[in-house]
Amino acid sequence: MTSKAKKLLPRIEKAGIKASLKAGHPLDRQELLEVKVQLLPALYRWSLGGISAACAYGSYAGFMAESTSRGLGMAALSLLFFFFAIVGVRHTLGRILESMDGVDAGELLGLALEGIGSVIGGLFD
């Protein structure tokens with residue numbers, strides 16, 4: 001399994017467990033392929049939040065200096081960075097697996113189903 005797949009596995013398991021609890025039953029293969037997985041690491045999302053705060057301060061400073069265009073530009077950047085900090089970058093598992101090698105994709109999906117099943121299996125029995 002590639003390093004990309006190893007990094008994705010915990011994120012896939014987390015999203016699958018969350019979706020299983022929401023659905024009220026263990027997910028089958030097709031349902032798991034429709035689950036949206038967060039691709040942007042938490043550190044990057046926190047960094048985007050910090051950049052958003054800095055842009056918000058820059059916007060405030062721009063408006064205080066009576067530079068409306070600078071204030072509006074920084075406000076727009078602040079909102080953009082804040083959006084990505086909150087939402088991140090998500091793709092469905094099916095779309096992620098399409099971009100991977102067939103062997104890695106099959107192994108990743110099998111490991112994810114096994115991991116989710118071990119956590120969720122006992123809850124719905």
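The values are calculated or read from the model by the stated rules, or taken from the named source; none is laboratory data. These numbers come from a predicted model, not from an experiment. Please note: Cβ atoms are built from the backbone with ideal geometry, for glycine as well, and neighbour counts cover all protein chains shown.
Apart from one condition, GLU66 fits all of (1) more than 28 Å from SER118 (Cα to Cα); (2) in a helix (DSSP H, G or I); (3) not basic (Lys, Arg); the exception is (2). Does LEU39 satisfy being touching a residue at least 24 places away in the same chain (Cβ under 8 Å) and surrounded by 13 or more Cβ atoms within 10 Å (Cβ to Cβ)? Against the criterion (touching a residue at least 24 places away in the same chain (Cβ under 8 Å) and surrounded by 13 or more Cβ atoms within 10 Å (Cβ to Cβ)), LEU39 qualifies. Just one of (1) touching a residue at least 24 places away in the same chain (Cβ under 8 Å); (2) over 21 Å from the mean Cα position of the chain (by Cα); (3) more than 20 Å from ALA5 (Cβ to Cβ) fails for MET74. It is (1). Candidates are the residues of segment 26-45 that are part of a helix (DSSP H, G or I) and touching a strand residue (DSSP E or B) at 6+ places or on another chain (Cβ under 9 Å); the one that is modelled with the lowest pLDDT is LEU33. Could you tell me whether any residue of segment 3-23 is of a type in the set (D, E, K, R) and over 18 Å from the mean Cα position of the chain (by Cα)? Within segment 3-23, not a single residue is of a type in the set (D, E, K, R) and over 18 Å from the mean Cα position of the chain (by Cα). Once segment 91-125 is narrowed to residues that are part of a loop (DSSP other than H, G, I, E, B) and more than 20 Å from the chain's Cα centre (by Cα), the residue that is surrounded by the fewest Cβ atoms within 10 Å (Cβ to Cβ) is ASP125.
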